[in-house]
Amino acid sequence: MSNETNAHDQTLNLTIRVWRQPTRLAKGSFKEYKVSNISTGSSFLEMLDILNEQLVAQKEEPIAFDHDCREGICGMCSMTINGVPHGPLQGVTTCQVHMRHFKDGETITIEPWRARPFPVIKDIVVDRTPLDSITQAGGFISIRTGSAIDANIIPIPKPVADRAMDAAECIGCGACVAACPNAAAMLFVGSKVAHFNSLPQGKAEKEQRTLAMVKVMDEAGFGSCTNYGECQAVCPKGNTLDFIAQLNRDYAVAKIKRFFQSTGKKRAGA
Amino acid sequence: MSFDLNARVPAGPLAEKWSSHKAHLRLVNPANRRKYHVIVVGSGLAGGAAAASLGEMGFNVSCFCYQDSPRRAHSIAAQGGINAAKNYQNDGDSVYRLFYDTIKGGDFRAREANVYRLAEVSGNIIDQAVATGVPFAREYGGLLDNRSFGGAQVSRTFYARGQTGQQLLLGAYSALSRQIGIGTVKMYNRHEMLDLVLVEGHAKGIITRNMISGEIKAWNADAVVVCTGGYGNVFFLSTNAQGCNVTAAYRCYKHGAGFANPCFTQIHPTCIPVHGDQQSKLTLMSESLRNDGRVWAPNSRELAARVLAGQLKPADITEADRDYYLERKYPSFGNLAPRDISSRAAKEACDDKRGIAPGSGLGVYLDFRDAINRLGESKIRERYGNLFDMYECITGENPYKVPMMIFPAVHYTMGGLWVDYNLQSTIPGLFVGGEANFSDHGANRLGASALMQGLADGYFVLPSTVPDYLASTGLGGAPSIENPAYKEACEQARERTAKLLAIKGNASPRALHQKLGNIMWEKCGMARTKQGLTAAIEEIKELREEFWKNVCVVGENDTINPELERAGRVADFLEFSEIMCRDALLREESCGGHFRSEHQTDDGEAKRDDTNFAHVAVWEFQGSDTPPVRHQEELKYEEVKLATRSYK
Ligand SMILES: Cc1cc2nc3c(=O)[nH]c(=O)nc-3n(C[C@H](O)[C@H](O)[C@H](O)COP(=O)(O)OP(=O)(O)OC[C@H]3O[C@@H](n4cnc5c(N)ncnc54)[C@H](O)[C@@H]3O)c2cc1C
Ligand code: SF4
Ligand code: FES
């Protein structure tokens with residue numbers, strides 16, 4: 001339960017310890033900066049804006065970090081704050097963290113996502129395109145524009161639609177990968193698979209989708225899941241290992257089906 | 001090139017225009033399609049859907065966005081829902097009704113034929129979205145659920161919890177991803193369009209900056225489709241994402257594309273108030289909250305002052321001392337009065353020094369006390385839980401216990417590049433879709449209709465009209481990249497970048513942006529006057545001079561450089577904002593979101609002037625030192641009668 005007092009009045013002085021790395025290949029290191037008079041009502045990224053304005057005033061390069069919507073939905077912001085992807089609060093993204101959760105005089109450590117498949121490009125900015133590649137392999141339902149049937153022809157039971165929606169809330173931020181000691185992308189892939197595979201529209205391509213996404217996931221160098229559960233702890237949308245279980249199930253079934261699959265015809269050259 | 005404002009609205013009855021037009025559009029033989037290169041700038045609902053659809057048809061498509069993935073376009077942030085005339089609720093909805101509500105909602109300043117087409121394809125959008133796996137809310141019987149939105153008497157809004165934009169965009173993104181996987185679409189993330197390239201008067205390519213390497217590069221194509229979203233960030237603070245910009249659209253304007261109704265801006269009444277000068281963006285609280293929340297301010301300045309001084313809590317203010325001003329002024333619509341009207345009423349209360357947000361005072365209450373007493377906290381949680389959580393996350397206050405504080409904020413821009421019925425701009429070969437064009441919302445957009453328009457343009461209109469243009473140019477192919485036009489445009493973009501980096505002054509791009517935002521909000525915001533706008537034009541000119549003398553862009557071009565990115569965008573805002581003010585100045589009427597204080601009725605309502613202003617104002621660039629010229633596209637209403645909107 002929150003306090004009912006107004007949180008706008010206090011200000012904080014902080015030490016920011018942040019990862020600086022000028023290029024992909026350069027060796028990075030932590031640097032420390034002081035910021036003062038940060039309103040407790042400001043967001044974490046606004047605090048960084050202020051620090052950056054300070055750096056700019058000293059003609060120093062500001063800290064590069066990814067962000068866009070600043071309301072927890074685009075999945076662009078990506079910082080490990082004091083060792084935890086997206087910071088100390090459960091169920092929120094970096095951009096939704098507000099300064100009232102920090103103490104005056106505190107030192108805050110900021111790092112990029114640390115995961116082999118996400119190389120650092122600069123400072124806090126990493127390359128997350130492998131997540132797009134996984135989607136391109138099978139994260140869709142094949143349907144030509146304009147050829148869809150009426151939306152109400154196939155009724156979808158509410159619990160099924162709700163489960164698909166729960167899974168589909170994933171914002172593709174990659175925090176799950178950053179938190180996982182194996183750098184596994186299973187929660188991300190599991191969420192996408194659970195979204196499409198749960199829906200009747202997605203059934204036709206279920207096996208193909210699951211196999212193709214897992215294949216690209218493996219090729220991109222993501223590790224495998226050994227049930228640490230760190231991913232669900234940091235997921236800003238509250239997606240859980242349940243979706244990984246579904247992925248494992250669907251994958252096993254797809255593998256078996258593939259194994260026994262026969263076209264009923266003689267194979268040329270076989 | 002002459003300035004051609006022929007809207008090319010097809011002949012025939014309104015309801016048959018689109019189908020008969022489509023039947024006559026030229027086609028490209030499937031075998032030849034891959035020989036045509038189409039550039040799509042933007043991967044939001046409009047761009048993403050257009051790129052995916054054109055790719056699937058077999059065209060060779062390149063798509064660009066400035067984020068690190070196409071899935072992050074700002075369409076993702078839309079909360080409330082998308083309209084469609086499905087009439088699944090059997091409450092009397094129809095294509096005509098959706099068309100009429102949208103035209104009326106826009107205060108009769110939109111083009112009839114375009115709006116009709118929008119309503120006509122709205123049902124297909126829902127079909128398409130469901131087929132791509134969008135998990136819309138459903139009833140227990142398994143059929144699609146609907147909710148009501150402002151400005152309508154039927155229930156036609158489809159939604160996916162509070163994340164409708166996200167789910168629709170992920171639908172378009174997955175279709176796009178499929179094409180990228182197949183290889184019909186090439187995706188270029190982290191690429192910012194800096195310029196348009198014309199060859200012999202036709203749009204034949206763009207210039208981009210690779211936001212990682214800094215490489216400035218020309219791309220040749222047979223046609224260019226710009227779907228780069230809205231320009232609300234000209235006000236510095238808005239509900240838009242940080243990167244939203246006018247650059248792409250403005251560059252097109254500078255090459256001769258008409259800019260229509262630039263002053264038409266939507267100010268959304270229920271956003272979380274500004275908390276201080278460290279603020280970087282404003283957060284929307286969905287319109288749906290006004291179904292159960294009551295908007296009020298203290299009825300006297302003294303009470304408001306005591307709240308501000310921390311001596312009074314809202315709960316201490318008695319019923320008699322509360323002014324539920326929307327219910328008082330608009331008894332028949334009450335708290336569900338349309339956006340433009342509700343916003344102005346909030347401003348009025350705060351201008352009267354009855355605002356209560358800490359610091360500035362700029363805020364009023366949105367109070368759920370009565371609804372909670374009537375329905376119980378759990379019912380309210382079920383309806384609005386995620387919004388209440390979001391509010392608490394940002395403000396640290398619990399809206400189940402204390403009323404929310406809200407204030408209007410810039411949200412959407414109805415103005416945009418002028419397009420004809422085919423969504424082609426005044427430059428042949430340049431098409432514009434989504435929020436970046438001006439076409440469908442007139443002077444005020446109804447809730448849940450921007451998502452509809454983005455997808456209508458992207459899935460259904462552009463995939464029919466772009467091929468028609470390509471067929472007309474024939475298989476000559478795009479001009480060679482060796483054409484001097486590309487090299488020249490590249491050079492200019494490089495020079496501009498170098499110039500920005502070389503100034504090395506003392507003002508940060510952000511600080512200058514903030515100054516511009518203040519001018520725009522004060523003088524071209526919710527209430528505009530001749531005097532204010534005239535002053536704003538001068539102040540913007542001065543600020544522009546200051547920018548080019550004193551901006552400080554730290555760092556280099558050949559790396560990720562957020563300062564350089566912002567400086568480029570602010571430089572364009574500094575030119576564009578002047579056109580907005582000029583447009584607002586010359587539109588001597590009040591309509592929709594455009595409120596000129598000189599033009600109001602005795603009781604303070606907007607006063608439209610249909611005799612002199614039933615037209616689209618279209619601005620033509622004349623060169624850097626010459627003021628732009630204002631043209632007009634007369635709006636001819638064949639089907640609807642112009643009427644005064646009343647919500648009393
Ligand atoms: C908070 C919020 C809530 C909303 N809620 C609703 C709602 O409930 N219902 C509704 O109907 N509407 C709503 N809207 C409005 C609606 O979301 C937008 O108008 C619509 O999604 C815009 O789609 P778009 O495709 O035109 O642009 P966008 O989704 O903004 O996409 C723009 C694209 O262009 C790219 N781009 C921009 N500039 C450049 C450049 N210079 N170079 C390269 N690429 C560039 C971006 O990377 C992006 O891919 C809401 C808007 C906001 C801000
Ligand atoms: S599953 Fe959660 S943590 Fe992983 S990408 Fe999706 S939203 Fe981010
Ligand atoms: S900036 Fe979009 S989720 Fe944080």
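Structure notes:
- Looking only at region A:46-56, and only at residues there that are more than 7 Å from chain B (Cβ to nearest Cβ) and surrounded by fewer than 21 Cβ atoms within 10 Å (Cβ to Cβ), the one that is farthest from B:Asn550 (Cα to Cα): A:Leu51
- Filter pass, B:Ala129 being more than 9 Å from chain A (Cβ to nearest Cβ), closer than 29 Å to B:Thr465 by Cβ, in contact with a Phe, Trp or Tyr (Cβ under 9 Å, 6 or more places away or on another chain) and buried (at least 21 other Cβ atoms within 10 Å of the Cβ): no
- Of the residues making up region A:126-135, those that are at the interface with chain B (Cβ under 8 Å from one of its Cβ atoms) and surrounded by fewer than 23 Cβ atoms within 10 Å (Cβ to Cβ) are A:Asp127, A:Thr129, A:Asp132.
- Residue count for region A:186-204, restricted to those that are near ligand 2 (Cβ under 9 Å from one of its atoms) and either at pLDDT below 95 or facing chain B (nearest Cβ under 10 Å) (or both): 1
- Candidate set from region B:196-227 (those that are within 14 Å of another protein chain (Cβ to nearest Cβ) and in a loop (DSSP other than H, G, I, E, B)); member that is nearest to ligand 1 (Cβ to nearest atom): B:Met211
- Search result, residues across region B:82-91 that are more than 15 Å from the chain's Cα centre (by Cα) and either within 16 Å of ligand 2 (Cβ to nearest atom) or open to solvent by less than 40 Å² (accessible area, probe 1.4 Å) (or both): B:Asn83, B:Ala84, B:Ala85, B:Lys86
- Within region B:176-189, none of the residues are of a type in the set (A, V, I, L, M) and within 21 Å of the chain's Cα centre (by Cα).
Conditions tested, residue by residue: (1) away from chain A (no Cβ under 14 Å); (2) open to solvent by 30 Å² or more (accessible area, probe 1.4 Å).
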position: B:Val134; (1), (2): no, no
position: B:Asn146; (1), (2): no, no
position: B:Tyr159; (1), (2): no, yes
position: B:Lys186; (1), (2): no, yes
position: B:Asn189; (1), (2): no, yes
position: B:Leu194; (1), (2): yes, yes
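- Complete set of residues in region B:206-251 that are under 18 Å from B:Gln279 (Cα atoms) and of a type outside the set (S, T, N, Q): B:Gly232, B:Val234, B:Phe235, B:Phe236, B:Leu237, B:Ala241, B:Gly243, B:Cys244
- Candidates are the residues of region B:369-422 that are away from chain A (no Cβ under 13 Å) and among the hydroxyl-bearing types (Ser, Thr, Tyr); the one that is nearest to B:Val466 (Cα to Cα) is B:Tyr421.
- Answer from B:Asp583, B:Asp558, B:Asp572, B:Asp610 - the residue that is farther than 30 Å from B:Asn114 by Cβ and acidic (Asp, Glu): B:Asp558
- Checking A:Arg144 against (1) in the same structural domain as A:Leu247 (by TED's automatic domain parsing); (2) under 25 Å from B:Ala77 (Cα atoms); (3) open to solvent by 10 Å² or more (accessible area, probe 1.4 Å), the condition it does not meet: (2)
- Among residues of region B:238-256 being more than 16 Å from ligand 3 (Cβ to nearest atom) and among the aliphatic types (A, V, I, L, M), the one that is farthest from the chain's Cα centre (by Cα) is B:Ala248.
- Given (1) more than 13 Å from ligand 3 (Cβ to nearest atom); (2) outside the structural domain of A:Ala175 (by TED's automatic domain parsing); (3) part of a loop (DSSP other than H, G, I, E, B), index of the condition A:Ser78 fails: (1)
- In the set (1) within 17 Å of B:Ser174 (Cβ to Cβ); (2) in a loop (DSSP other than H, G, I, E, B); (3) away from ligand 1 (no atom under 16 Å from the Cβ), the condition left unmet by A:Gly105 is number (1).
- Candidates are the residues of region B:272-326 that are acidic (Asp, Glu) and crowded, with 16+ Cβ neighbours inside 10 Å; the one that is nearest to A:Glu53 (Cα to Cα) is B:Glu287.
- Condition check for A:Val189: away from ligand 3 (no atom under 16 Å from the Cβ) and touching a Pro at 6+ places or on another chain (Cβ under 9 Å): no
- Residues in region B:451-498 that are assigned to a helix (DSSP H, G or I), over 20 Å from B:Gly55 (Cα atoms) and touching a residue at least 24 places away in the same chain (Cβ under 8 Å): 14 in all.
- Residue within region A:154-169 that is modelled with pLDDT of 95 or more, touching a His at 6+ places or on another chain (Cβ under 6 Å), more than 7 Å from chain B (Cβ to nearest Cβ) and open to solvent by less than 50 Å² (accessible area, probe 1.4 Å) present: yes
- Scope region B:138-176; condition near ligand 1 (Cβ under 10 Å from one of its atoms), in contact with a helix residue (DSSP H, G or I) (Cβ under 7 Å, 6 or more places away or on another chain) and in a loop (DSSP other than H, G, I, E, B); matching residues: B:Phe149, B:Gly162
- Evaluation of A:Lys59 against (1) buried (at least 17 other Cβ atoms within 10 Å of the Cβ); (2) assigned to a loop (DSSP other than H, G, I, E, B); (3) away from ligand 3 (no atom under 16 Å from the Cβ) (one fails), failing number: (1)
- Selection count where residues are free of Cβ contacts under 8 Å to residues at least 12 places away in the same chain and open to solvent by less than 30 Å² (accessible area, probe 1.4 Å), scope region B:394-422: 3
- Residues in region B:585-596 that are surrounded by fewer than 24 Cβ atoms within 10 Å (Cβ to Cβ) and not acidic (Asp, Glu) were compared, and the one that is farthest from the other protein chains (Cβ to nearest Cβ) is B:Leu586.
- Yes/no for A:Gln261 being within 14 Å of another protein chain (Cβ to nearest Cβ), out of contact with any Leu (no Cβ under 9 Å at 6 or more places or on another chain), away from ligand 2 (no atom under 13 Å from the Cβ) and not charged (D, E, K, R): no
- Out of B:Ala77, B:Ala51, sole residue that is within 30 Å of A:Glu71 (Cα to Cα) and buried (at least 24 other Cβ atoms within 10 Å of the Cβ): B:Ala51
- Applying the condition of being within 12 Å of chain B (Cβ to nearest Cβ) and away from ligand 2 (no atom under 13 Å from the Cβ) to region A:67-86 and asking which residue is most open to solvent (accessible area, probe 1.4 Å) yields A:His67.
- Of the residues making up region A:208-236, just one is open to solvent by 50 Å² or more (accessible area, probe 1.4 Å), touching a Ser or Thr at 6+ places or on another chain (Cβ under 9 Å) and either within 16 Å of ligand 3 (Cβ to nearest atom) or touching a residue at least 24 places away in the same chain (Cβ under 8 Å) (or both), namely A:Gln232.
- Options B:Ala110, B:Ala85; residue that is aliphatic (A, V, I, L, M), more than 14 Å from chain A (Cβ to nearest Cβ) and in a loop (DSSP other than H, G, I, E, B): B:Ala110
The values are calculated or read from the model by the stated rules, or taken from the named source; none is laboratory data. Computed from a predicted structure; not experimentally measured. Every residue, glycine as well, gets a Cβ built from its backbone with ideal geometry; the counts of neighbours run over all protein chains shown. Quick note on the areas: whole protein, heavy atoms, side chains included, nothing else; ligands and nucleic acids left out. Shrake-Rupley method; radii C 1.70, N 1.55, O 1.52, S 1.80 Å.
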